[in-house]
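**Student:** Following this message is one structure expressed as structure tokens.
The values are calculated or read from the model by the stated rules, or taken from the named source; none is laboratory data. Given the structure is predicted, the values throughout are model-derived calculations rather than measurements. Note that each Cβ is placed from the backbone with ideal geometry, even for glycine, and that neighbours are counted across all protein chains shown. The accessibility values were calculated without ligands, DNA or RNA, using every heavy atom of the protein model including side chains. Shrake-Rupley method; radii C 1.70, N 1.55, O 1.52, S 1.80 Å.
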Amino acid sequence: MVNFADLNYLDLKQIISNIFLNLDKKKISMRTNQIWKFYYQKGYFDPKLFSNLPEEILQKLKEEINFDRPKIKNKQISNDGTIKWLLELNDKNLVETVYIPSDNHATLCISSQVGCTLNCKFCHTGVQPLVKNLSAHEIVNQILIAKDELKEWDKEKKINNIVYMGMGEPFYNFENIKKSIEILKDMNGLGFSNKRITVSTSGISPNIKKAAKEIGTYLALSLHAPNNKIRDSIMPINKKYNIEDVIKHCKEYAIENGEKIFIEYVLLKDVNDSEECAKQLSKIMSQFPCKLNLIQFNPWPGVKYKTSSTEQTSKFMNIIKGYGHIVTIRKSRGDDILGACGQLKTASEREKRLTLLK
Ligand code: SAH
Ligand code: SF4
């Protein structure tokens, strides 16, 4: 049975018209609107909360559509206000969703896969083998659960931006993330515009090209190295899609979409943080519209890399700025609960082990 959050507006309308063959077009639109708004604007996840709907309609809806949501298995709140939810999907797999508030806005970081195939050496998720691609409803429900938890349905919006930067490589789950974004963007529903959504990729070239045409949100590229030698050594995917190839597609994306690409660059001490690396990176940045997000490396148990010093980070940043590029530094958030970038996985693995022991 299809889950409600797997449907876009037109899918829902189709189901309603299949169920109620006797309704005229106007009534079908009216019912679809009502139900869509109950679900996505009021946050009613149980059809019994859909007031004013005849019992017969509710009954039929429940027969056709599954309204289940993942369960919250664990919730951790960091000293800095970051919240991490560990969600248990219907098939018992676990994913993590992280809410990151800052002074004047808040971001929700969502997962696109359970685990990841790409094995980037500095990323904790990469250590966990891919278990599965999340379906559209498992992606959309991360947002609905966070909204529920933050009690933001009727009051002011607390989540301003959605970033596909949690567990997994979004572009290896292309159709489902595309569907989830379509649902997020529905203006009669959650109403996130392209400018409030960022998809982060490690550089899956063919799908960058596809996303430029079919998705259109902001794009972040996890570059993390200024040349192929270093990138090969920390990101195995570079052997398939190297820097030149990925940059070519990012350039096309930026032109198609009219926005700069965010380059993400985790500074790893003595690996990619030298002044020479900064110069090489500046040259790459000159090739297409982009801005740089320098990320403090978040260590995790067993990792061989170290965080660059504050001094080296400033030096690196100033060199890039000297070439006229825009640079920001992303400070670590939620690292006391392993909710920071690249730290997602520990809790789910631990939980899995505990479940096996039960
Ligand atoms: N797979 C996608 C999206 C998820 S990773 C991608 O790689 O872009 C989200 C971001 O966190 C990426 O930029 C990733 O490189 C970064 N990241 C991974 N491990 C990290 C770590 N240990 N410390 C800081 N950032 C990390
Ligand atoms: Fe996968 Fe992204 Fe982590 Fe690389 S950085 S292992 S692509 S989640």
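**Student:** Expressed as a whole number of Å, what is the distance separating the alpha-carbon centroids of the stretch 115-178 and the stretch 218-258?
**Tutor:** About 21 Å separates the Cα centre of the stretch 218-258 from the one of the stretch 115-178.
**Student:** Out of Ile15, Ile143, Ile263, any idea which swings most in a Gaussian network model of the chain, alpha carbons joined below 10 Å?
**Tutor:** Ile15
**Student:** Which residue, Met187, Ile159, Phe316, has the largest displacement toward the positive end of the dipole of the chain when charges sit on each Cβ (Lys, Arg +1; Asp, Glu -1)?
**Tutor:** Value: Phe316.
**Student:** How high is the relative contact order of the chain? Use alpha-carbon pairs under 8 Å, at least six apart in sequence, and give a whole percent.
**Tutor:** Reported as a whole number, the value is 15 percent.
**Student:** Let me ask something else. In straight Cα distance, which lysines are under 18 Å from Lys155, not counting same-chain residues fewer than 8 positions off?
**Tutor:** Lys37, Lys42, Lys147
**Student:** Per residue, how many Å² of accessible area does the stretch 136-253 show with a 1.4 Å probe?
**Tutor:** 36
**Student:** Which value results for Rg/Rh of the chain when Rg is the Cα radius of gyration and Rh the Kirkwood radius based on the inverse mean 1/r?
**Tutor:** Ratio value, two decimals: 1.00.
**Student:** Over the chain, what is the percentage of antiparallel beta bridges among all DSSP beta bridges, to the nearest 5?
**Tutor:** So the antiparallel bridges in the chain amount to around 40 percent.
**Student:** Checking the table Lys269/Lys291; Lys92/Lys179; Lys213/Lys269; Lys151/Lys210 against a 28 Å threshold on Cα-Cα, which pairs fail?
**Tutor:** Flagged as over cut-off: Lys213/Lys269; Lys151/Lys210.
**Student:** Taking the dipole about the Cα centre of the chain, with the C-beta of Lys and Arg at +1 and of Asp and Glu at -1, give me whichever of Gln59, Ile197, Cys250 is farthest to the positive side.
**Tutor:** Looking along the dipole axis, the top candidate is Cys250.
**Student:** When the accessible area of the chain is computed with all protein chains present and a 1.4 Å probe, what percentage of it is carbon and sulfur?
**Tutor:** 51
**Student:** Continuing with this model, one more query. What pairs in Lys13/Lys185; Lys239/Lys331; Lys13/Lys71 have C-alpha atoms more than 25 Å from each other?
**Tutor:** Lys239/Lys331; Lys13/Lys71
**Student:** Give the calculated FRET efficiency between Ser286 and Lys121 to the nearest 0.05, with a Förster radius of 30 Å applied to their Cβ-Cβ distance.
**Tutor:** For Ser286 and Lys121, the calculated efficiency is 0.65.
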